[in-house]
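The structure appears below as structure tokens.
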Amino acid sequence: MLRILHLEDLTADAELVEWELRNGNVKCEILVAKGKPDFKNALDNFQPDVVLSDHSLPAFNSVEAFEMVKAKDASIPFILVTATVSEEFAVASMRSGVYDYILKDRLQRLPQSVLNAINKRRTDAQMLKYLDDLIASEATLKNLNASLELKVQQRTAQLEKANQDLESFGYSVSHDLKTPLTVIHTAASLLAFKLSGKLREDEEKLIKNIVRNSVAMGKLIEDLMSLSHFSKASRIEKEEVDNQKLVFSIAEELRSDFPDVKLKIGNLLPVKGSPGLIRQVWVNLITNAMKFSSKNQHPTVEVSCESSKKWITCKVQDNGPGFEMEDPEKLFDVFYRLHQHEGFKGHGIGLAIVKRIIDNHDGKVWAEGKPGEGAAFYFRLPAINK
């Protein structure tokens, strides 16, 4: 039930207001205050939902009453119910925060005005609660985000430390293995040379296997050491890299390894980067393309570049067995190998090295392919602004 405080010094007018409210089906408890002391006491103890006020009373008026209500609780609707104010005063009162003004000869408006005022107060209270909840939620979210960011930073630091330890371990192990492996390779090669023609067939085959496997293991160790080196986020000295010149020199080096593969070199644009590292990218991608194309009847590898305003995109296309596009990102994982059951040699490190180098150049590398239709490997690096 609503609690209505009515400031009115005339009993007849107070009764008329009460009758109008009852007649308008406003279920309420009404307390009438006839002066300032009663009004102040009612504000403190009655805790009204709505205040109705005449304007002019002995030694008191609606302006003072409204200030007292605002000081107590500014959300309490204040409705001026009077017969003695000008339109200018009424408008000024509403601008100052009075909810409504009703002339005593038009009290039929009062019930709806009271109900509207109550609904507005409830809506405003709900909005304020919603805003408070929103602010609290935002604060909670900020705290959660801050906590999450801290955890991510801590976890990232842990992973980076673990990665560094793993890479250091890999480098150390690879380095420690390199020397005894060189000894094994040299001894086996020397043995094969000195005992040529003196060994049984199975003995000769065994020595050749030792030589071949030591070479393969040496290549794996070199790749692991390279991967460890390229994984270190050291500062890269960048300069203009002549891709055309680089790729032509690589083509000459690989010609003897893949004599049947036709290499088509397009117009290759310069990029900004480390010449040595970019050369390693080209070597790995072109070697891979030649290797996977080599079993084709007409093996072909095409190298090209495209430019945009900010980037140079380089492409190495082969006509090898291709691959499914289910998860092309896996191609750049360490030790991930395609077509390992089809006789293609490798350790699955070359593309991982390519990705590390391009990432350290703030570039991007990706691959596209289709089974039986070859594969294309792309890398993108910043263009040279001239």
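The values are calculated or read from the model by the stated rules, or taken from the named source; none is laboratory data. Model, not experiment: these values are computed from the prediction. Here Cβ is always computed from backbone atoms with ideal geometry, including for glycine, and neighbour counts include all displayed protein chains.
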If I go through the stretch 107-126 residue by residue, how many of them are of a type in the set (Lys, Arg) and within 18 Å of Ile30 (Cα to Cα)? 1
Among the residues in the stretch 247-270, are any over 19 Å from Val354 (Cβ atoms), in contact with a strand residue (DSSP E or B) (Cβ under 9 Å, 6 or more places away or on another chain), assigned to a helix (DSSP H, G or I) and without any contact (Cβ under 8 Å) to a residue 60 or more places away in the chain? yes
I need every pair where a residue in the stretch 91-117 that is touching a residue at least 24 places away in the same chain (Cβ under 8 Å) has its Cβ under 6 Å from the Cβ of a residue that is part of a helix (DSSP H, G or I), sequence separation at least 6 or different chains. Leu107/Glu20; Leu110/Glu20; Pro111/Leu21
Tell me, yes or no, whether the stretch 332-352 has at least one residue that is touching a strand residue (DSSP E or B) at 6+ places or on another chain (Cβ under 6 Å) and at pLDDT below 90. no
What about Ala125, is it among the small types (Gly, Ala, Ser) and surrounded by fewer than 20 Cβ atoms within 10 Å (Cβ to Cβ)? yes
Scan the stretch 280-337 for residues that are over 15 Å from Lys364 (Cα atoms) and of a type outside the set (Asp, Glu) and report the count. 33
Counting only residues that are among the basic types (Lys, Arg) and at pLDDT below 90, which one in the stretch 356-386 is nearest to Ile278 (Cα to Cα)? Arg356
Would you point out which residue out of Thr313, Thr300 is touching a helix residue (DSSP H, G or I) at 6+ places or on another chain (Cβ under 9 Å), hydroxyl-bearing (Ser, Thr, Tyr) and at pLDDT 90 or above? Thr300
Asp318 is checked against (1) among the charged types (D, E, K, R); (2) at pLDDT 90 or above; (3) over 18 Å from Trp282 (Cβ atoms) and fails just one. What number does that condition carry? (3)
Hand me the list of helices (runs of 4 or more DSSP H) wholly inside the stretch 1-84 holding 2 or more residues that are over 19 Å from Val114 (Cβ atoms) and in contact (Cβ under 8 Å) with a residue 12 or more places away in the chain. 36-45, 62-72
Within the set of pairs 6+ apart or on separate chains, which have a first residue in the stretch 359-382 that is among the acidic types (Asp, Glu), a second that is part of a strand (DSSP E or B) and buried (at least 22 other Cβ atoms within 10 Å of the Cβ), and C-beta atoms under 9 Å apart? Asp359/Val365; Asp362/Leu381; Glu368/Ala375; Glu368/Phe377
Quick one: how many residues across the stretch 285-308 are surrounded by fewer than 22 Cβ atoms within 10 Å (Cβ to Cβ) and over 12 Å from Asn319 (Cα atoms)? 6
